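Participant: A single structure is presented below for examination.
The values are calculated or read from the model by the stated rules, or taken from the named source; none is laboratory data. Quick caveat: nothing in here was measured; it's all calculated off a predicted structure. Virtual Cβ from ideal backbone geometry, glycine too; neighbours counted across all protein chains shown. Ligands, DNA and RNA are stripped out before the accessible areas are found, and what is left, the full protein with its side chains, is counted by its heavy atoms. Shrake-Rupley method; radii C 1.70, N 1.55, O 1.52, S 1.80 Å.
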Amino acid sequence: MVIKNLMVTGGCGFIGSNFIRYLLKGEDFSGRIINADKLTYAGNPDNLKGIKENYPERYVFERADICDFARMEEIFSDYKIDTICHFAAESHVDRSIKRPDTFINTNIIGTFNLLELARAAPDNFSLFHHISTDEVYGSLGKTGSFVETTPYKPNSPYSASKASSDHLVRAYNRTYGLPTTISNCSNNYGPYQFPEKLIPLVILNAVNREKLPVYGDGRNIRDWLYVEDHCDAIWTIMKSGRRGETYNIGGDMEMENIAIVEMICDILDEMPHLKGSSSRRDLITFVEDRPGHDRRYAIDFSKLRKEFNWVPRESFNSGIQKTVSWYLENKEWVKRVINKEYQSWIGEQYG
Ligand code: NAD
Ligand code: TYD
């Protein structure tokens, strides 16, 4: 597959921006990236600082809403898009509980618009890769893990909207023969993640010795994956995945939330310049549980492992150290992200 004009939607978000860096730095992609992003509260041009200057011929940014069909159609034809990697979404479960409407619009209608454009594209259209989540499968008990054939049982407006978009992608493959692949990945962490999500929120609060909100009893389990490993898996699937198939991506790294929060506290406490008289663990505050809070996620990615030999490279120990260091070193980025809108969300959420 030779990709000439790859549309990345949501490329100014956490995973999308890491993916654009990954592809442009890599050796086996020589095409052009057209990043279409609406720049919602979660989209941040700073996440791609220097990219336009370093890759003037190979990177274009278009501020655009995937719900705006006419605008997306224009971009499609102007840049002769032949491949899509679709990240753009409303991505935060807590926000979907408070205000589900944008999740329905962006995640479902937006995906539908892109599928319609891909369906109408010339014959050289090579792939619609859809980025999704393990949350579509619902919640696990103490044992077992999600495989690609696990029935969908989403529990939040976020996961229900992602499930809906996954179904549309599958239907466009089966009905119209659109070349598609879908990846369902577990929780990501790493540089450039917006600090509404557990790991960056806890890092920043712990640095500033603010309270560390842990939902419920803190024993909910997520299966964590370093963002660069996710990017590597996506690219593997785009290059070699069988069309019409779904692939699970995970890190084999199940952790209770409380263990992660304690680990971050200990990493910071051990840094000579951040040492204090008390342990940051004292800041841990158990707060009211999230409604519909899924207890456990665990991903079985043996399909990806068997077909392409793919395994994650980063261990959680090294990945979390790198992530903490990144947030400490990128003070300007942090300062810009912690703006009024962010403060108002945090105030509304945690009081
Ligand atoms: P994010 O919230 O950091 O970024 C989302 C990006 O999409 C932002 O740049 C935002 O401006 C853009 N966007 C939102 N609505 C848009 C619209 N209507 N039109 C155009 N652009 C729009 O999200 P993320 O964490 O990087 O997640 C990216 C994708 O990966 C999502 O589809 C998400 O469901 C999926 N995913 C995320 C995780 C995770 O742990 N973060 C895990 C598995 C899958
Ligand atoms: P989050 O990062 O929001 O990802 P997701 O809900 O998509 O899994 O949350 C990860 C876990 O951490 C989840 O079980 C909810 C929990 N959590 C807290 O305990 N406190 C917090 O402040 C946040 C944001 C999340």
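Participant: Taking 0.36 nm per residue of sequence separation and subtracting the Cα-Cα distance, how much length would be gained by fully extending the chain between residue 335 and residue 311, in nm to one decimal?
Facilitator: 5.2 nm
Participant: Which whole-number percent is the relative contact order of region 74-168 (Cα, under 8 Å, 6+ apart)?
Facilitator: Across region 74-168, relative contact order equals 38 percent.
Participant: With runs of 4+ DSSP H residues as the only contributors, calculate the mean residue ellipticity of the chain at 222 nm using -39,500 (n - 2.57) per run, divided by the residue total and rounded to the nearest 500.
Facilitator: One gets -11500 deg cm²/dmol as the mean residue ellipticity at 222 nm.
Participant: May I ask for the angle, rounded to the nearest 10°, between helix 14-25 and the longest principal axis of the chain, with both axes built from Cα atoms and the value confined to 0 to 90°?
Facilitator: With both axes taken from Cα atoms, the answer is about 60 degrees.
Participant: Now, a different point. Accessible area of region 87-217 with a 1.4 Å probe: how many percent of it is carbon plus sulfur?
Facilitator: Carbon and sulfur together cover 53 percent of it.
Participant: Which angle between 0 and 90 degrees, to the nearest 10, do you get for helix 227-240 versus the longest principal axis of the chain when only C-alpha atoms count?
Facilitator: Once rounded, one gets 20 degrees.
Participant: Once you have a ≥ b ≥ c as the square roots of the Cα gyration tensor eigenvalues for region 172-253, tell me rounded if a/c is under 1.5, and otherwise prolate or oblate according to whether a/b is larger than b/c. Walk me through the numbers before you get to the answer.
Facilitator: Working: a/c = 3.05, a/b = 2.52, b/c = 1.21.
Since a/c reaches 1.5 and a/b is larger than b/c, the shape of region 172-253 is classed as prolate.
Participant: Which residues among region 33-73 fall inside the zone where the amide N is under 15 Å from a point 7 Å beyond the Cα of residue 109, along Cα→Cβ?
Facilitator: It comes to 65-72, nothing else.
Participant: For the pairs 52/197; 197/322; 211/340, note any where the Cα-Cα span goes beyond 26 Å.
Facilitator: With Cα atoms farther than 26 Å apart: 52/197.
Participant: Let me ask something else. By a straight-distance test (C-alpha under 25 Å), which lysines pair with residue 306 as possible cross-link partners, with residues fewer than eight away in the same chain excluded?
Facilitator: 239
Participant: A further question on this structure: Where a Cα-Cα gap under 14 Å defines reach, which aspartates and glutamates qualify for residue 142, not counting those fewer than 8 residues away within the same chain?
Facilitator: Once the sequence-local aspartates and glutamates are set aside, what remains near residue 142 is 223, 254, 256, 294.
Participant: Of the GluC sites (Glu not before Pro) in region 246-327, which ones lie in a loop per DSSP and count no more than 11 other C-beta atoms within 10 Å?
Facilitator: For GluC sites (Glu not before Pro) across region 246-327 that sit outside H, G, I, E and B with at most 11 neighbouring Cβ atoms in 10 Å, the list reads 270, 288.
Participant: Quick one: helix 340-350 against the long Cα principal axis of the chain, what's the angle to the nearest 10°, folded into 0 to 90?
Facilitator: 60
Participant: To check you understand DSSP bridge types, tell me what percent of the beta bridges within the chain (both residues inside) are antiparallel, rounded to 5.
Facilitator: Around 10 percent of the beta bridges assigned by DSSP in the chain are antiparallel ones.
Participant: May I pose another question? Distance check, please: which entries in 4/303; 162/331; 153/303; 80/162; 49/80 exceed 31 angstrom between their Cα atoms?
Facilitator: The answer is 162/331.
Participant: Ok, one more. Looking only at Cα atoms, what is the convex hull volume of the chain per residue, in Å³?
Facilitator: Convex hull of Cα atoms, per residue: 132 Å³.
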